[in-house]
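Remarks on the structure that follows.
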Amino acid sequence: MKFKSTFLLIFAVLGGITTLYAQVGDEQPIQKLSLFRDIHLETGINLIPVLRAVKGTPGDSLQLSPYWLNGRLSWRNWGIRSSVGGSFSEKNTFIQGFKDSDKLRSTQFNLRAGLDYRLKWKNQFTFTFGADWVRHLNEKVRVLDSGFDVIEQISQKETTGGGISVGGQWWVSTHFGIGLESSFYYMTGQFTEGRKFVNFPELNDDLNQSDFREITTPVAVYAIWKF
């Protein structure tokens with residue numbers, strides 16, 4: 001009888017602990033959901049360079065944003081974002097039956113990262129204010145092959161800087177919007193150019209380097225998807 005009473009007591013204690021643990025376990029997911037439901041991921045595509053690439057129209061005096069893709073991780077009104085853009089092209093001109101050739105390779109890479117804050121106005125509109133760090137690289141290499149020697153002409157522009165950006169978004173639906181963005185960046189960089197002879201390196205020209213500063217004010221129109 002004593003063994004039976006002890007067994008019933010242990011069973012009751014274990015049952016109480018199990019019930020309490022189940023209640024805590026049911027409450028924890030609710031707390032996690034309330035914490036993470038304000039976290040969102042956005043991705044955007046800059047529409048202007050895409051449309052110009054499709055139509056093949058040249059640029060104008062307006063400083064367009066060099067970033068094709070934009071990503072943003074947000075919690076409530078705060079967001080961390082990064083953007084990337086660039087291009088690569090290579091053209092090789094030669095005459096059939098001859099070794100002479102003229103190859104031109106152009107590479108661009110643009111990167112930025114920043115922090116922003118977003119304000120909501122009414123139901124379909126928001127305004128974003130941010131600060132960014134940016135880095136741009138523009139390199140052109142021309143390779144002239146005469147069959148007797150190969151000459152490489154290098155021209156490289158590398159800039160780093162930062163600044164502020166402002167933008168407005170119109171949310172067509174909960175998960176899709178159109179955003180207009182304008183930025184003000186102060187950039188410092190270095191321009192390098194020179195010429196190298198592959199077979200006769202003693203003829204190489206010294207690399208000429210020059211420092212410069214510039215202010216850019218790029219604009220962009222983004223199609224935004226929010227998850």
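Rule-based calculations on the coordinates, nothing more; no lab input. Predicted model, so just to flag it, every value in this text is computed and none were measured. Counting neighbours? That spans all protein chains shown, and the Cβs are built from the backbone with ideal geometry, glycine included.
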Q.
About the Cα centre, and with charges only on the beta carbon of Lys, Arg (+1) and Asp, Glu (-1), how big is the dipole of region 35-155? Nearest 20 debye, please.
A. 720
Q: Work out from phi, with θ = phi - 60° and the Karplus expression 6.51 cos²θ - 1.76 cosθ + 1.60, the ³J(HN,Hα) of each residue of region 122-137, listed in order in whole Hz, and give x for Gly and Pro.
A: 6, 10, 10, 10, 9, 10, 10, 10, x, 10, 10, 10, 10, 8, 10, 9
Q: Choose one of Phe98, Thr174, Leu111: the residue whose Cα lies farthest towards the positive end of the charge dipole of region 93-227 (beta-carbon charges +1 Lys, Arg; -1 Asp, Glu; about the Cα centre).
A: Thr174
Q) For region 124-224, with only Lys/Arg (+1) and Asp/Glu (-1) charged at the beta-carbon, what is the dipole magnitude about the Cα centre, in debye rounded to 20? A) 420
